[in-house]
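The structure appears right after this line, and notes come after that.
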Amino acid sequence: MYNILAITGLGERKEYLEALINALTDIARHTDRSEIKKIDAIQFNPEIVMQPREAFYSPKRSVPLEQCAGEISGEMIMVYPPGIPLVSMGEVITHEIIEYVKQLKLEKCTLQGTSDPCVNFVMVLDR
């Protein structure tokens, strides 16, 4: 989660790019790397049990994150960047997903897509 994407154009001047490189090198040199923790990306494909449209229009209830295992998600949970959903509407929330979200929260990663901005609660289908 500690990455930088620099996009330049063909018209950029060499001295501007060198200044950027020097600034980033200086930042890296003065960064305490012991504070940087690596979170391994998990490889999972949540089970899709209904189409997102159907889940979107289904009745929902708010459930504490820790109690969501086995529930069908009524909203997306995304980590930004990159903004790709960890779980989408209509997919089953697993214990692994919950633990991964908790780890991301501990690392102060930006989570989006839930009605609760702190992701302490998740909207699940009211079955």
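Does Arg61 satisfy the criteria of being exposed (fewer than 10 other Cβ atoms within 10 Å of the Cβ), farther than 23 Å from Glu107 by Cβ and at pLDDT 85 or above?
no
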Revision key, fill the gap. Among the residues of segment 1-24, the number that are of a type in the set (Val, Ile, Thr) and closer than 25 Å to Thr110 by Cα is 2
**Study point:** Looking only at segment 80-127, and only at residues there that are part of a strand (DSSP E or B) and touching a residue at least 60 places away in the same chain (Cβ under 8 Å), the one that is surrounded by the most Cβ atoms within 10 Å (Cβ to Cβ)
**Key:** Val122
Point to revise | Hits in segment 44-58 (condition: exposed (fewer than 13 other Cβ atoms within 10 Å of the Cβ) and in contact (Cβ under 8 Å) with a residue 40 or more places away in the chain) | key: Phe44, Glu47
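Taking segment 99-116 as the region of interest, how many residues are within 12 Å of the chain's Cα centre (by Cα), at negative phi and not hydroxyl-bearing (Ser, Thr, Tyr)?
The first filter runs over segment 99-116 and keeps only residues within 12 Å of the chain's Cα centre (by Cα), leaving 100-105, 107-114.
Cutting the leftovers down to at negative phi gives us 100-105, 107, 109-112, 114.
Among the residues that remain, those that are also not hydroxyl-bearing (Ser, Thr, Tyr) are: 101-105, 107, 109, 111-112.
Counting residues in segment 99-116 that are within 12 Å of the chain's Cα centre (by Cα), at negative phi and not hydroxyl-bearing (Ser, Thr, Tyr) gives 9.
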Review point. Quick one: in segment 1-57, which of the residues that are over 30 Å from Glu96 (Cβ atoms) and β-branched (Val, Ile, Thr) is modelled with the lowest pLDDT?
Key: Thr31
Check your understanding: Taking segment 80-120 as the region of interest, how many residues are among the β-branched types (Val, Ile, Thr) and under 19 Å from Pro52 (Cα atoms)?
Key -> 7
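The values are calculated or read from the model by the stated rules, or taken from the named source; none is laboratory data. Small disclaimer: the values here were computed from a predicted structure and weren't measured. Note that we place each Cβ from the backbone using ideal geometry, even for glycine, and neighbour counts take in every protein chain shown.
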